[in-house]
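Chemist: Structure below; questions to follow.
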Amino acid sequence: MGITLNGLTMGVFARNPKMINVNTFFIIAIIVNGFMSSALAFIPVIIAEFSGHWLVHLSEASCISEAFIAYYFGISSMFYHVCITYIRYLAIVAVPVINAHVEKWRVALAFAVCQLISLLLAVSPLLGLGSYGLEAHGTSCGLAWNDRSRTGLGYLMLIGIVCFVTPMTFMGVCYVRIIKTVR
């Protein structure tokens, strides 16, 4: 489903390149993330679901790679949502006040920063800060939430703040200001 629907949506943008602009760039990035995540990370999960456990037909290395791919695309999509929120904030709240427009180079810079932060956070468990492993039911892989080492707990707290608290707070503040402006 993810491959088909995201693929169809990418096809719409490919056939209508005039639809691609600074306002739709991060939406397209989320669509591409969904497509890539579905194509690369979920097929092994389906195999594991049918066999009853990941390690029946798949290796521990494939578990780690699936977790990395799913985590990388997931957190980069979260950061893209933050960028979309900020672009909406600028368009509705800030532009009428300071007459600032979103420029292509700023979008490219924001995209690069999202990619870099996502890559750093996703690679960290591979370098020993946190870890990837089987999830509780044994048919998919992700962050080892039960890692109680100092580095594991530190990493889990870091991603809790960087990947959840900060983006949700930022988006909440932006949308509250948007709602106040629209009313």
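Chemist: What value does the chain have for Rg/Rh, both radii from Cα atoms and Rh as Kirkwood defines it?
Modeler: Dividing the radius of gyration by the Kirkwood radius yields 1.03.
Chemist: For segment 149-178 and segment 46-115, write down the distance between their C-alpha centroids in whole Å.
Modeler: Here the answer is 14 Å between Cα centres.
Chemist: Related question: Under 13 Å from the Cβ of Glu66, count the other residues' Cβ atoms, weight Lys and Arg +1, Asp and Glu -1, and hand me the total.
Modeler: Local charge sum for Glu66: -3.
Chemist: Would you compute, from DSSP H runs of 4+ residues alone, the mean residue ellipticity of the chain at 222 nm, taking -39500 (n - 2.57) per run and dividing by the full residue count, rounded to the nearest 500?
Modeler: -22000 deg cm²/dmol
Chemist: List, largest first, the extents of the alpha carbons of segment 124-183 along their principal axes, each in whole Å.
Modeler: Ordered largest first, segment 124-183 gives principal extents of 48, 26, 17 Å.
Chemist: Could you sort 84-94, 164-174 so that the peptide with the highest average Cβ count within 10 Å comes first and the rest follow in order?
Modeler: 84-94, 164-174
Chemist: For the pair Leu109/Phe50, report the inter-label distance in nm, with labels modelled 7 Å from Cα in the Cβ direction.
Modeler: 4.9 nm
Chemist: With everything on Cα atoms, drop me the angle between helix 25-40 and the longest principal axis of the chain, reported from 0 to 90° to the nearest 10.
Modeler: Relative to the chain, helix 25-40 is tipped by roughly 10 degrees.
Chemist: Report the calculated FRET efficiency for Ile64 and Leu153 (r = Cβ-Cβ distance, R0 = 30 Å), to the nearest 0.05.
Modeler: 0.90
Chemist: Next question, about the same structure. With no other cysteine's Cβ closer than 4.7 Å, which Cys residues of the chain count as lacking a disulfide-compatible partner?
Modeler: Cys83, Cys114, Cys163, Cys174
Chemist: Which angle from 0 to 90°, rounded to the nearest 10, does the C-alpha axis of helix 104-123 make with the longest principal axis of the chain?
Modeler: Once rounded, the angle reads 20 degrees.
Chemist: Relative to the first principal axis of the alpha-carbon coordinates of the chain, what is the inclination of helix 150-160, with its axis defined by its Cα atoms, in degrees from 0 to 90 and to the nearest 10?
Modeler: 30 degrees
Chemist: So, one more: Taking the convex hull of the alpha carbon atoms in segment 30-100, what volume per residue do you get, in Å³?
Modeler: For segment 30-100, the hull spanned by Cα atoms encloses 83 Å³ per residue.
Chemist: May I pose another question? Nothing charged except the Cβ atoms of Lys and Arg (+1) and of Asp and Glu (-1): what's the magnitude of the dipole of the chain about its Cα centre? Round to the nearest 20 debye.
Modeler: 900 debye
Chemist: Beta carbons within 10 angstrom, averaged per residue: use that to sort the peptides 149-157, 12-20, highest first.
Modeler: 149-157, 12-20
Bear in mind that the values in this text are calculations on the coordinates, not laboratory data. These figures come from a predicted structure and were not determined experimentally. Note: ideal-geometry Cβ built from the backbone for every residue, glycine included; neighbour counts use all protein chains shown.
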